[in-house]
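The structure under discussion appears below in the form of structure tokens.
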2 protein chains.
Amino acid sequence: MKKITGRQQEIVEAALAIISDRGLEALTIKSIAARVGFSDAAVYRHFRSKAQILSTIIDLFARDSARLLREIHGCSCAELEKMRLFFLDRCRVFSADRVLATVMFAENLFQNDPLLAAKVRQVLQGHRRLLLETLRGGQRKKTIRALPAEHLFTMVMGSLRLLVLQWRIGGYGFDLMRGGEKLWLSVETVIKNPNGE
Amino acid sequence: MKKITGRQQEIVEAALAIISDRGLEALTIKSIAARVGFSDAAVYRHFRSKAQILSTIIDLFARDSARLLREIHGCSCAELEKMRLFFLDRCRVFSADRVLATVMFAENLFQNDPLLAAKVRQVLQGHRRLLLETLRGGQRKKTIRALPAEHLFTMVMGSLRLLVLQWRIGGYGFDLMRGGEKLWLSVETVIKNPNGE
DNA sequence: GTTATGTTAGTGAACGTTAACTAACCAGAA
DNA sequence: TTCTGGTTAGTTAACGTTCACTAACATAAC
């Protein structure tokens with residue numbers, strides 16, 4: 001991970017704003033330059049290529065994601081609580097920075113650039129590993145329902161993803177945090193062990 | 001809905017194959033023409049624009065989807081069974097025609113063309129309406145868990161979507177039908193009323 | 001001879017990227 | 001202090017490619 005200059009930060013933020021407003025297709029060197037307020041060529045004083053800008057954005061996503069994973073892993077709370085933390089933290093992050101939600105759904109968009117695609121996939125793999133581990137831990141303690149952990153993962157993560165997608169498609173028309181909190185109550189209800197306690 | 005000539009059918013199939021193999025970004029008039037076996041200009045003998053080709057593809061998806069919705073709506077079986085039919089039918093359709101799975105995840109890809117985006121959204125709305133209706137019917141009969149129907153929808157549809165996504169990302173490395181059947185068992189377990197029967 | 005279905009050759013626009021150049025600033029040597 | 005060389009960050013103009021799309025023309029069927 002490299003240090004980043006002020007100008008690079010500006011460029012990345014401009015790129016994020018464009019993706020957030022008009023989608024990844026609208027992200028061109030020209031549109032970035034226009035947003036920052038200088039010519040297209042000037043962008044190349046700070047980044048070697050467009051791919052490097054995208055790579056920096058994904059790194060942002062990955063770094064934040066790694067922080068979350070460490071945080072939850074080190075937490076001494078129960079497994080269901082860990083799941084809740086993950087679920088709601090994702091909502092919080094996407095709420096605060098909408099473009100990260102775009103990156104989350106970018107598996108297909110980066111498929112022309114295998115390097116970027118691999119980077120995104122790696123982040124998602126990290127989520128998967130952590131959640132599966134947590135789910136299995138909860139199942140050992142009989143707090144989480146005894147269904148295939150893979151299935152529970154698909155249900156939890158699938159619900160989260162669809163919620164975020166609905167939020168994006170609807171033009172961010174509802175409060176994602178509140179929506180996430182309410183949805184989590186239902187998700188928790190169905191994944192916790194009904195025979196427990 | 002228009003009638004379609006043989007050549008048009010060929011072109012649409014070529015387009016579907018390209019999307020399926022190399023993604024929507026690789027879908028150009030040139031690539032379509034190459035696949036059919038003639039020059040790019042010849043495509044315009046059969047379609048007025050690229051958008052019209054895409055529109056035809058979405059129509060295909062919509063027509064198939066409408067058939068499914070009618071079929072399930074007219075079915076006299078229980079609500080949980082209807083949900084199962086929907087879930088597995090989607091798996092079956094995507095298994096048979098992978099590109100339809102691509103279209104299912106194309107909400108963000110068509111966002112630059114509002115007409116196509118609206119068309120896709122309409123199909124998804126249809127799914128949503130049918131499933132919510134079915135879920136609420138099951139809740140009235142106490143066969144489906146008394147949680148907000150919207151949440152149940154998000155969980156079921158989210159699980160289905162993530163399953164299909166995993167299938168696509170993994171290079172179609174597992175049998176989607178079998179995966180869907182197994183996942184459905186878990187989904188059904190968590191959404192059916194535990195106090196019922 | 002008209003209609004349908006191809007061809008080749010071309011358009012203008014957009015893309016990422018590079019080239020050539022300039023203005024501002026900043027060292028150290030005269 | 002002033003000259004000199006070098007770096008940094010910007011400019012305009014252009015490159016080569018690809019895109020969707022069009023015009024002009026050919027050929028064969030009816």
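Values quoted throughout were computed directly from the atomic coordinates according to the rules given, and no laboratory measurement underlies them. All of these numbers come straight from a predicted model, not from anything done at the bench. Please note: Cβ atoms are built from the backbone with ideal geometry, for glycine as well, and neighbour counts cover all protein chains shown.
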> Within 10 Å of each Cβ of A:149-157, how many other protein chain Cβ atoms are there on average?
Replying inline: 6
> So, in nm, how far is label B:Glu71 from label A:Ser49 when the simple model puts each one 7 Å beyond its Cα toward the Cβ?
Replying inline: 4.6
>> Pick from B:Phe110, B:Phe153, B:Phe38 the residue whose mean-square fluctuation is largest in a GNM of chain B, springs joining Cα atoms under 10 Å.
In response: B:Phe38
> In the stretch A:1-47, with Lys and Arg counted as +1 and Asp and Glu as -1 at Cβ, which of these residues, A:Thr28, A:Ile4, A:Phe38, has the Cα nearest the positive end of the dipole, that is, farthest along it?
Replying inline: A:Ile4
>> I need the Debye-formula profile for the stretch A:55-111: one equal scatterer per C-alpha, no solvent, reported as log10 I(q)/I(0) at q = 0.13, 0.15, 0.19, 0.26 1/Å, two decimals.
In response: -0.38, -0.49, -0.73, -1.08
> Per q in 0.10, 0.11 1/Å, what log10 I(q)/I(0) does a Debye calculation on the alpha-carbon atoms of the stretch B:42-197 return?
Replying inline: -0.40, -0.48
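Per residue of A:135-148, what is the mean number of Cβ atoms on other protein chains within 10 angstrom of that residue's Cβ? Can you show the working numbers first?
Working: counts 0, 0, 0, 0, 0, 0, 0, 0, 0, 0, 3, 0, 6, 4.
Partner-chain Cβ atoms within 10 Å, mean over residues of A:135-148: 1.
Could you tell me the relative contact order of chain A? Use alpha-carbon pairs under 8 Å, at least six residues apart, and round to a whole percent.
On the way: 148 pairs, mean separation 41.0, N = 197.
About 21 percent, as a whole number.
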> Over all distinct alpha-carbon pairs, what is the Kirkwood Rh of the stretch B:20-115 in angstrom?
Replying inline: 15.5
> So how much slack lies between A:Glu188 and A:Arg121, counting 0.36 nm per residue of separation and subtracting their Cα-Cα distance, in nm?
Replying inline: 21.5 nm
> DSSP H helices in chain B with Cα extent of 15 Å or more along the helix axis and mean Kyte-Doolittle hydropathy at least -1.0?
Replying inline: B:6-22, B:50-74, B:79-96, B:114-140, B:149-169, B:176-191
> Counting pairs of Cα atoms in the stretch A:118-197, how many percent are more than 16 Å apart?
Replying inline: 58
> How large is the Kirkwood hydrodynamic radius of the protein assembly as shown, in angstrom, based on all distinct alpha carbon pairs?
Replying inline: 22.7
> For the stretch B:1-47, what ratio Rg/Rh do Cα atoms give with a Kirkwood hydrodynamic radius?
Replying inline: 0.96
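Across the residues of A:24-35, average count of Cβ atoms on other protein chains within 10 Å?
Details: counts 3, 5, 2, 0, 0, 0, 0, 0, 0, 0, 0, 0.
The shielding value for this peptide is 1.
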